[in-house]
Amino acid sequence: MTDKFTVVPDTPTNPENDRLMTMQVSAAPGHVFFCRRVGIPEDVEDSERESYLQLQLEGMSPFPLEHLQFGFCVDNATRYAYIYSGYRRSFDSTEMSEWSKQEVVIPEFSVGVLAGKGEEGSPLLLVSDSSISYFEFDDLSEIPCYFESFPRNLDGDGAVRPASGDLEVVTERLKDRIGEESPRIWNTITNITIEQKKFEFQATEAGKSIAVQVERKVLWNMDLRDPESVEQAKQEEQRNVLVWRVVLAVAAALALLVFGELLWFGERGYLNLREDWNAEQAPIVERIISQQTTINELLSFQDSDLVPFDMLVAIQPFLTDAVWFTKVETNGTNSLKVFANATSNGQVNQFKARLERFVKIDTVELENIQSGPGGTTFTAFFYFKTGSFASRSVIEEVANNG
């Protein structure tokens, strides 16, 4: 099984890392969270894991989930999960109002949860902008078995005091647990860099960099925003990727056209170009008109708030390798007309049945089902429920924090 997160070996801090792309991140102070490591029974399926962990959290918390900002991280063996939650009123309302603009919202102590055990497994103090978090580890999992977090102290001007003074206070408060042992001390780097579809958390220890690389789905699980906001952010990100692929494909086609024309001009020479100019320009004009038509269609999608893209993204999870689309057309404001192939009639009926259970689908109609040696072709009409896809011009308000 591929690890969901991988600790990168210690290396000296590298200024080249500053040139990598970074995510828009909001980090919440660690001392406002309730955290626990919980076991995951073997009979809990992957699709049931998030609901199971939410039930565990709700059983531990004196508040309903609607009043909490929460997230979780599962270890690589999927036997334990680290769940955390904070009462919504504990977060700064001004910072929460900016959460919708971020690509991910996570606790300050995230790098300690993901990479804190390291090779030593000894206790760890993680210094962040707003808090100092303490972790303990055992042999059962790479995620912590014990956690405490303390707020950083401010001076008379409201600025955060030097970490050395706060560390002395925290160490004194933890002396019954630490005893004579000297915990490791890490400093958090709040940036998350992006390299080859991996997302990297970082911290430093004595001039060296500690890094852990995770998949995107790990960040979605750790995100503190409401589940509805996270789902909307997922769709937005998927739609942006799809739009960029279309734009890049059109740009590549135009670049290829320009390159081909330049090569043609060189081969024919100036005299032949003058003689055959009118005849040769006709295909170029047709291609330009074709490209302009494509651009106009993309602009029409944009003017319609890109709802067709949202529809395609929404039904993507219901597709399998046995069913694939060959052509998609809009069919009114709330429906799509899809020309598709399948390996058999049974796969067509199963695909229809899966979609009919989707909460955003009103009805699914199939037409022109034709079977042959190579499989089955069919036309499908997907009718979505009114209001399933909000207009992009509607501004979502952040949840009231009281």
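The values are calculated or read from the model by the stated rules, or taken from the named source; none is laboratory data. Being a predicted model, the structure only gives us computed values, none of them experimental. We place every Cβ from the backbone using ideal geometry, glycine too, and count neighbours over all the protein chains shown. With ligands, DNA and RNA removed, areas are computed over all heavy atoms of the protein, side chains included. Shrake-Rupley method; radii C 1.70, N 1.55, O 1.52, S 1.80 Å.
Residue by residue, here is whether (1) open to solvent by 70 Å² or more (accessible area, probe 1.4 Å); (2) at pLDDT below 85 holds:
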position	(1), (2)
Met1	yes, yes
Thr13	yes, yes
Glu16	yes, yes
Met23	no, yes
Ile40	no, no
Tyr52	no, no
Subset of the stretch 366-386, residues under 11 Å from Ser335 (Cα atoms) and assigned to a strand (DSSP E or B), comes to Ala380, Phe381, Phe382, Tyr383, Phe384
Within the stretch 79-113, track down each residue that is open to solvent by 30 Å² or more (accessible area, probe 1.4 Å), touching a residue at least 60 places away in the same chain (Cβ under 8 Å) and over 23 Å from Glu237 (Cβ atoms).
Arg79, Tyr80, Arg88, Arg89, Ser93
For the stretch 210-233, name all the residues that are charged (D, E, K, R), within 13 Å of the chain's Cα centre (by Cα) and surrounded by fewer than 17 Cβ atoms within 10 Å (Cβ to Cβ).
Glu215, Arg216, Lys217, Glu231
Selection status of Ile185, modelled with pLDDT of 85 or more, open to solvent by 50 Å² or more (accessible area, probe 1.4 Å) and assigned to a strand (DSSP E or B):
yes
Set Val364, Val359, Val338: member being within 18 Å of Leu242 (Cβ to Cβ) and at pLDDT 85 or above:
Val338
Restricting to the stretch 331-349, and then to whatever is touching a residue at least 40 places away in the same chain (Cβ under 8 Å) and part of a loop (DSSP other than H, G, I, E, B), can you tell me which residue is surrounded by the most Cβ atoms within 10 Å (Cβ to Cβ)?
Asn334
Scanning the stretch 131-161 residue by residue, those in a loop (DSSP other than H, G, I, E, B) and crowded, with 18+ Cβ neighbours inside 10 Å turn out to be Phe137, Ser141, Glu142, Ile143, Pro144, Arg152
